[in-house]
Amino acid sequence: MTTYITTPIYYVNAMPHIGHAYTTIIADTYARFRRLCGDDVRFQTGTDEHGEKIAQAAEKEGVEPREYADRISALFCQTWPDLDIAPDYFIRTTDADHVKVVQDILQKVYDRGDIYFSEYSGHYCKGCERFLTEKELKEGKCPDHLTVPEEISEQNYFFRMSKYQDWLIEHVESNPEYITPERYRNEVLSFLREPLEDLCISRPCSRLTWGIPLPFDENFVTYVWFDALINYLTGIGYPDGSCFDYWAGAEHVIAKDILKPHAIYWPTMIRAIGLPPYRRLHVHGYWNVDETKMSKSLGNVIRPHDLVEEYGVDTVRYFLLREMSFGRDSSFSTEALEARRDSDLANDVGNLFSRALTMLAKYADSTVPALDKDTVTEEDRVLADALEKMVADYSVAMNSFEFHKALQSIWEVIGMLNRFIVTNAPWELAKDSDQAGRLNTVLYFLADSLRLLALVLRPVMPSAAEKMAAALGLKKELAAAKLDDEGCWGKMQAGTVLHQGEALFPRLGKKKKEQPNKQEKGQGKKAEEQAVAPEVDMEGLITFEQFGEVELRVAEIVTAEKIKKANKLLKLTVKAPEERTLVAGIAKHYSPEELVGKKVIIVANLKPAKLMGITSQGMVLAAKEIDADGNERLVLSTVAGDIAPGSRVA
């Protein structure tokens, strides 16, 4: 299968920010995922460099438009490697081959009679660089720039976009996945219910010279959108280049502010050119900053390079993909990013990886042991089934651009694996020689599960996945692996040599322990022996290591309901960060309605238990008070401040 994934080409009137980064990470992640599925993939991004705003920005800085465009375009080129983004082609609309393709297409459409000359009066927004209809205005202003458009009357060239309105409506209605998510497909169909006006595709040179000259009239330059959209064809060698076969698999990723040009202008242009439409258009929402829209005037614009420098590329990529539900707006904050890193990355996957490799080193000499089939339990089979289901759910979600759901499915099995370690206690199995077979089985399950995690995380966090693959001794194998032939559980080869490697995600702000001074060094061994010495006659006390095995996490209650025939019990659905079901004996103290939205503390690694036919995956903590009359009162343990669900209580 062929896949051609593109971002919009970014306008060079501003430097790269988190919105640009998100769109491009999405496209890069999808490209890597499709390669993981065995597709032949081409990934393209670039910069849009013509138009009034570029000419104005260059004039403000006292330079020529080309010099200004060169400088800003270079910033975009330099940003993508910082984010582990690897496009196959970076296009600029000032490239000579693009100018030629635009002019050839203009001439072709003109010769077919779909471009005509006429006079037009309308509401022209300089920020949008286009005429707005009365319907688009809100209280007489452009809804995006909140400015009153200028009334302009001038002669220009127009593309007969209205000619293709009926075809476009039929195509959108008969292809439900043509525009995703569905809300944006509905928005386009709503717009198409009104008569479609023809598109003004030129600007007179008396007003603008920074653009591509019309091939049939040198007194006009091409409207920036008619120029920019054609980049998707130029980049693959239109009309007969060696890469043009990729067009059959074209998928565009955009933000919602440019929906109309991509969902209406572009398909009708493609139809006029005589090409089949693109396969899918994927539309995402905005990133706000601390619940406020990003704005240079507010000083809250987030720069990708700064984030990577402080938090690392894997954290940035994971956070953006996990935090936003594709298609909806989301809010960025450093607090949320740090919580995700400490909870999801450091505590969950980082801790799992480190613990598993440490035990494989200690109990199997850093070599993957052979699976002892005679010791495989029902619990093991449940885990194996869950891992295979994860791969299936992950694949469906990634293909549907539901990246947050794909990551949720991965983190659910990460939670299961952390609980698997505690339940099976390899450190206890190692004490009994009769349990050697069972120990090997547990260790094999861990090693192969890590292999599978490294595989599915590769599109999302390529650098971290490469470190995982190297530690597992599978750098070449996983680099060449595909989901269709390597996705199932149980592919790890016994005898594979492992390496401990560096910590994947050290906790933020973690201070290095002070080294002992010279006087203390001589006492080091004695102190260490005292620290690990077993407690004697200390009934009722536990060691720090024992306490460390209890995994306390913050959980947000999503739903709560009463359980029939159980006066004391409530069924809770909590997010921690994966969703799980808990049964809690708090029905006499809390109504279901008052619980929804509360953030409580749960024991996350408690072995599941069935209560009233419902499997409870953990325990909610509560304080119990009994008054003088013997009446019991329960108060849920909560957190004092706002913190991401799944954060570990330490």
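The values are calculated or read from the model by the stated rules, or taken from the named source; none is laboratory data. Since the structure is predicted, the reported quantities are computational estimates derived from the model, not experimental observations. Positions of Cβ are generated from backbone atoms using ideal geometry, with glycine treated the same way; all protein chains shown enter the neighbour counts.
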Item checked: Matching helices (runs of 4 or more DSSP H) fully within region 245-364 where at least 3 residues are modelled with pLDDT under 95 -> 304-311, 334-340, 351-364
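Being in contact (Cβ under 8 Å) with a residue 12 or more places away in the chain, outside any helix (DSSP H, G or I) and either touching a strand residue (DSSP E or B) at 6+ places or on another chain (Cβ under 8 Å) or not assigned by TED's automatic domain parsing to the domain that holds Leu478 (or both): is that true of Phe76 here? Walk me through how you get there before you give the answer.
Values: in contact (Cβ under 8 Å) with a residue 12 or more places away in the chain: yes; outside any helix (DSSP H, G or I): no; either touching a strand residue (DSSP E or B) at 6+ places or on another chain (Cβ under 8 Å) or not assigned by TED's automatic domain parsing to the domain that holds Leu478 (or both): yes.
So Phe76 does not fit the description; no.
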Check: If Trp411 satisfies every condition in (1) assigned to a helix (DSSP H, G or I); (2) within 12 Å of Leu446 (Cβ to Cβ) but one, which is the exception?
Finding: (2)
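If a residue has to be over 17 Å from Thr23 (Cβ atoms) and within 23 Å of the chain's Cα centre (by Cα) to count, how many in region 79-92 make the cut? Give the derivation first.
Keep residues of region 79-92 that are over 17 Å from Thr23 (Cβ atoms), which gives 92.
From the residues that got through so far, the ones that are within 23 Å of the chain's Cα centre (by Cα) too are none.
Residues meeting the conditions: 0.
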Notebook entry, point to check: Mind checking whether some residue in region 22-34 is at pLDDT below 95 and either among the aliphatic types (A, V, I, L, M) or surrounded by fewer than 24 Cβ atoms within 10 Å (Cβ to Cβ) (or both)?
Noted result: no
Next item on the list: Please specify each residue of region 214-233 satisfying the condition of being surrounded by 23 or more Cβ atoms within 10 Å (Cβ to Cβ), at pLDDT 95 or above and of a type in the set (Val, Ile, Thr).
Entry: Thr222, Ile230
Notebook entry, point to check: Which is surrounded by 23 or more Cβ atoms within 10 Å (Cβ to Cβ) and in a helix (DSSP H, G or I), of Ala436, Ala397, Ala384, Ala454?
Noted result: Ala454
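One residue is enough: does region 163-170 have a residue meeting the conditions under 17 Å from Thr268 (Cβ atoms), of a type outside the set (Lys, Arg), modelled with pLDDT of 95 or more and touching a strand residue (DSSP E or B) at 6+ places or on another chain (Cβ under 8 Å)?
Just the residues of region 163-170 that are under 17 Å from Thr268 (Cβ atoms), to begin with: 163-170.
Next, only the ones that are of a type outside the set (Lys, Arg) stay: 164-170.
Add one more test, that the residue is modelled with pLDDT of 95 or more, and what stays is 164-170.
Of the ones still in play, those that are also touching a strand residue (DSSP E or B) at 6+ places or on another chain (Cβ under 8 Å) are none.
No, region 163-170 contains no residue that is under 17 Å from Thr268 (Cβ atoms), of a type outside the set (Lys, Arg), modelled with pLDDT of 95 or more and touching a strand residue (DSSP E or B) at 6+ places or on another chain (Cβ under 8 Å).
Sort through Lys108, Lys135 and tell me the only one that's touching a residue at least 40 places away in the same chain (Cβ under 8 Å) and not in a helix (DSSP H, G or I).
Numbers: Lys108 fails: not in a helix (DSSP H, G or I).
Being touching a residue at least 40 places away in the same chain (Cβ under 8 Å) and not in a helix (DSSP H, G or I) holds for just one of Lys108, Lys135, which is Lys135.
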Item checked: Verdict on Phe117 being surrounded by 18 or more Cβ atoms within 10 Å (Cβ to Cβ), of a type in the set (Phe, Trp, Tyr) and at pLDDT 95 or above -> no
Note to self: Can you confirm whether Phe33 is part of a strand (DSSP E or B) and of a type in the set (Phe, Trp, Tyr)?
What the structure shows: no
Check: Which ones in region 578-630 are surrounded by fewer than 15 Cβ atoms within 10 Å (Cβ to Cβ) and part of a helix (DSSP H, G or I)?
Finding: Glu593, Glu594
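Hey, among the residues in region 543-577 that are among the hydrophobic types (A, V, I, L, M, F, W, C) and part of a helix (DSSP H, G or I), which one's modelled with the lowest pLDDT? Explain how you work it out, then say what you get.
Of region 543-577, the ones among the hydrophobic types (A, V, I, L, M, F, W, C) are 544, 547, 550, 552, 554-555, 557-558, 560, 563, 566, 569-570, 572, 574, 576.
Those still in the list that are part of a helix (DSSP H, G or I) too: 544, 547.
On the way: Phe544: 49, Phe547: 67.
Only one residue fits best here, namely Phe544.
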Next item on the list: From (1) in the same structural domain as Glu388 (by TED's automatic domain parsing); (2) touching a residue at least 24 places away in the same chain (Cβ under 8 Å), pick out the condition that doesn't hold for Ala494.
Entry: (1)
Notebook entry, point to check: From the list Asp144, Asp111, which residue is exposed (fewer than 15 other Cβ atoms within 10 Å of the Cβ), acidic (Asp, Glu) and farther than 30 Å from Phe401 by Cα?
Noted result: Asp111
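Just to verify a result, which residue in region 36-73, among those that are polar (S, T, N, Q) and part of a helix (DSSP H, G or I), is modelled with the highest pLDDT?
Residue satisfying both the conditions and the ranking: Ser73.
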Next item on the list: Go through (1) free of Cβ contacts under 8 Å to residues at least 12 places away in the same chain; (2) of a type in the set (A, V, I, L, M, F, W, C); (3) farther than 30 Å from Tyr30 by Cβ and name the single condition Ala480 misses.
Entry: (3)
Check: Assuming Lys135 fulfils every condition listed in (1) at pLDDT 95 or above; (2) exposed (fewer than 13 other Cβ atoms within 10 Å of the Cβ) apart from one, which condition is it?
Finding: (1)
